[in-house]
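Colleague: So that we are looking at the same thing, I have put the structure below in C-alpha cells.
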C-alpha cells in the first residue's frame, strides 16, 4: 500500500459517540473513504483542483484543547452586531463562553450539533446525513465518518427569527497541521423565515490546516432562507466544503458566497428543487492573490416544472493566482416552464493569473428559458480613459472600476451590516493590489 493511501486511511479519526442510527452511517462512510481516498485530477469533477498536496500531508487530529480566542479578538468578525444569535467554534470546538444566544421563538433551536446528538431526538435522525450524499466526494465521505461538531439551526413552522444566526468558525495556531471536520445542519420548516451567516476565519494567518466542511440545508414548503458564507481562512490553509440544499414547493433560497482565503479553497454548492414554484438565487465573489486557488462548483437540479434559478459568480484575480468555476444546471424532461440564468465573469489583473470556467446546461425539457455565459478579461481601457478624463487619478480610477465590478454581486446581500463589511473587505484587498 502506498504511503499516500496510508495517510488517507489515517485521516479518519475515531468519531465521537452518537445515537445508534448514526453509527452505521459513519462506518459506511469511513469504508468508502478507505476505498476511494481523496479525489485526484484524474477525476473529471476535480481535474482543475490541485488537491494533491492535501493527500501527502499526515494530518493531525483536531485539537481537543483549542487555542486562545476571546471576544476582543473575535470582534472584528461579528459585523458590529453583538446581539445576533452567534455560535462560536474555536479550532473545531464549541465555545459556550464566546457564544451568544438570546430568547428564541417557541420550538426554535440554535446550538452545537454535538450537544444535540448527545440529547438525541427525531430532528437529527430525519435530517442529519440525509441531504448531502456521502459519495459526493472522498472529502464528504471523510466528513461523514469524522465530523466532531458544527452548528445546528432549526426554525419551526411559521416562525420568523427576528435576528440573524451567525456561525463563526475560527482557527488558531493550535490547529497547525490538523484536519478539522465540521458539519452544519440548517432546517427551516414550512412557512418559516431565517437568515444564516457562516464565517470561516483565522487568528493565525500563516498556519497550515485542513478545513473539511459539510453544510446540509432543508428549506420546507413556503419557507425563506438567506444564507451567506464568508471564507477568509489562512492563506496556507486548505478549505474544502460542500453545501447541499433541498428545497420544497413555494420556497425561496438566496445564497451569497465570498472566498478570500486559503491556499486552496473549494466550495461545492448543490441545490435540488424538489417541487414546483421554487426560487433559487446564487451569488458569489472570489478574490485571489499570490499562489491562491479558488474553486467554485455549483449544481442546480430542476426536477419539477415552474421553477426559477438565477446565478451570478464573479472573480478578481491577480499575481499568479488561479480560479475555477464550474456551474451546472440540470433540467429534467418533466421540468417544463423552467427559467434558469447563469453567469460567470472574471477580471484578471495580471498576465500570470488564470481562470478555468465552464458553465453548463443540460436540458431535457422543451418549454424552458435557460441561458448561460462566461467572460474572462481585463479592465476596460475605455472606462479607464473616461474616469481619467473626469479628473480621477490613474490608480484611483483602476480601483474604482474593480470595486464596481465586485459591487454588483455584493449589493445582493440583504443584511446591511454584512454588506458594508464585505465592501470594506474588498476595498482593503484592493488597497494591496499593485
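The values are calculated or read from the model by the stated rules, or taken from the named source; none is laboratory data. What you see is a predicted model, and the numbers here were worked out from it, not measured in a lab. Heads up, the Cβs are rebuilt from the backbone with ideal geometry, glycines too, and the neighbour counts pull from every protein chain shown.
Colleague: Looking at the stretch 114-129, which of the residues that are assigned to a loop (DSSP other than H, G, I, E, B) and at pLDDT 95 or above is nearest to residue 86 (Cα to Cα)?
Modeller: Only one residue tops the list, namely 128.
Colleague: Residues that are surrounded by fewer than 13 Cβ atoms within 10 Å (Cβ to Cβ), out of contact with any strand residue (DSSP E or B) (no Cβ under 9 Å at 6 or more places or on another chain), at pLDDT 95 or above and more than 30 Å from residue 49 (Cβ to Cβ): does the stretch 360-378 have at least one?
Modeller: The answer is yes; a qualifying residue exists.
Colleague: Has the stretch 390-411 got any residue that is touching a helix residue (DSSP H, G or I) at 6+ places or on another chain (Cβ under 9 Å), at pLDDT 95 or above and more than 22 Å from residue 292 (Cβ to Cβ)?
Modeller: Scanning the stretch 390-411 turns up at least one residue that is touching a helix residue (DSSP H, G or I) at 6+ places or on another chain (Cβ under 9 Å), at pLDDT 95 or above and more than 22 Å from residue 292 (Cβ to Cβ).
Colleague: Hey, another quick one. May I ask you to list the residues in the stretch 310-330 that are buried (at least 23 other Cβ atoms within 10 Å of the Cβ), within 18 Å of residue 366 (Cβ to Cβ) and without any contact (Cβ under 8 Å) to a residue 40 or more places away in the chain?
Modeller: Those that are buried (at least 23 other Cβ atoms within 10 Å of the Cβ), within 18 Å of residue 366 (Cβ to Cβ) and without any contact (Cβ under 8 Å) to a residue 40 or more places away in the chain: none in the stretch 310-330.
Colleague: For residues in the stretch 403-421 being under 19 Å from the mean Cα position of the chain (by Cα) and free of Cβ contacts under 8 Å to residues at least 24 places away in the same chain, which is nearest to residue 231 (Cα to Cα)?
Modeller: Result: 419.
Colleague: Return yes when residue 111 is in the same structural domain as residue 211 (by TED's automatic domain parsing), farther than 15 Å from residue 185 by Cβ and outside any helix (DSSP H, G or I) and no when it is not.
Modeller: no
Colleague: Determine which member of the set 207, 228, 144, 140 is in contact with a helix residue (DSSP H, G or I) (Cβ under 8 Å, 6 or more places away or on another chain), in a loop (DSSP other than H, G, I, E, B) and at pLDDT 95 or above.
Modeller: One residue alone meets the criteria, 207.
Colleague: Same structure, new question: Do we have residue 397 as outside the structural domain of residue 270 (by TED's automatic domain parsing), over 30 Å from residue 247 (Cβ atoms) and buried (at least 17 other Cβ atoms within 10 Å of the Cβ) here?
Modeller: yes
Colleague: Quick check on residue 234: is it buried (at least 21 other Cβ atoms within 10 Å of the Cβ) and closer than 30 Å to residue 178 by Cβ?
Modeller: Judged against the criteria, residue 234 is a match.
Colleague: Right, next: Considering only the stretch 80-103, I want to know if a residue exists there that is assigned by TED's automatic domain parsing to the domain that holds residue 171, modelled with pLDDT under 95 and over 30 Å from residue 424 (Cα atoms).
Modeller: Taking every residue of the stretch 80-103 in turn, at least one turns out to be assigned by TED's automatic domain parsing to the domain that holds residue 171, modelled with pLDDT under 95 and over 30 Å from residue 424 (Cα atoms).
Colleague: Shifting gears a bit: Which condition number in (1) at pLDDT 95 or above; (2) in a loop (DSSP other than H, G, I, E, B) is the one that residue 67 fails?
Modeller: It is condition (1) that residue 67 fails.
Colleague: Which one of the conditions (1) exposed (fewer than 12 other Cβ atoms within 10 Å of the Cβ); (2) under 24 Å from the mean Cα position of the chain (by Cα); (3) not in a loop (DSSP other than H, G, I, E, B) does residue 80 fail to meet, given that it meets all the rest?
Modeller: So the condition that residue 80 fails would be (3).
Colleague: Further question: Out of the residues in the stretch 119-158 that are surrounded by fewer than 15 Cβ atoms within 10 Å (Cβ to Cβ) and free of Cβ contacts under 8 Å to residues at least 60 places away in the same chain, state the one that is farthest from residue 219 (Cα to Cα).
Modeller: Among them, the one singled out is 119.
Results for (1) more than 30 Å from residue 325 (Cα to Cα); (2) without any contact (Cβ under 8 Å) to a residue 40 or more places away in the chain; (3) in contact with a helix residue (DSSP H, G or I) (Cβ under 6 Å, 6 or more places away or on another chain), shown as yes or no for each residue.
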| site | (1), (2), (3) |
| --- | --- |
| 47 | no, yes, no |
| 64 | yes, yes, no |
| 94 | yes, no, no |
| 105 | yes, no, no |
| 110 | yes, no, no |
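Colleague: Collect the residues in the stretch 244-255 that are surrounded by fewer than 24 Cβ atoms within 10 Å (Cβ to Cβ), within 22 Å of residue 414 (Cβ to Cβ) and under 12 Å from the mean Cα position of the chain (by Cα), keeping them in residue-number order.
Modeller: The answer is 255, and nothing else.
Colleague: What strands (runs of 3 or more DSSP E) completely inside the stretch 320-434 contain at least 2 residues that are within 22 Å of residue 198 (Cβ to Cβ)?
Modeller: Result: 322-331.
Colleague: Right, something else. Quick one: which strands (runs of 3 or more DSSP E) sit completely within the stretch 241-298 and have at least 1 residues that are assigned by TED's automatic domain parsing to the domain that holds residue 209 and in contact (Cβ under 8 Å) with a residue 40 or more places away in the chain?
Modeller: Answer list for the stretch 241-298: 252-259, 264-273.
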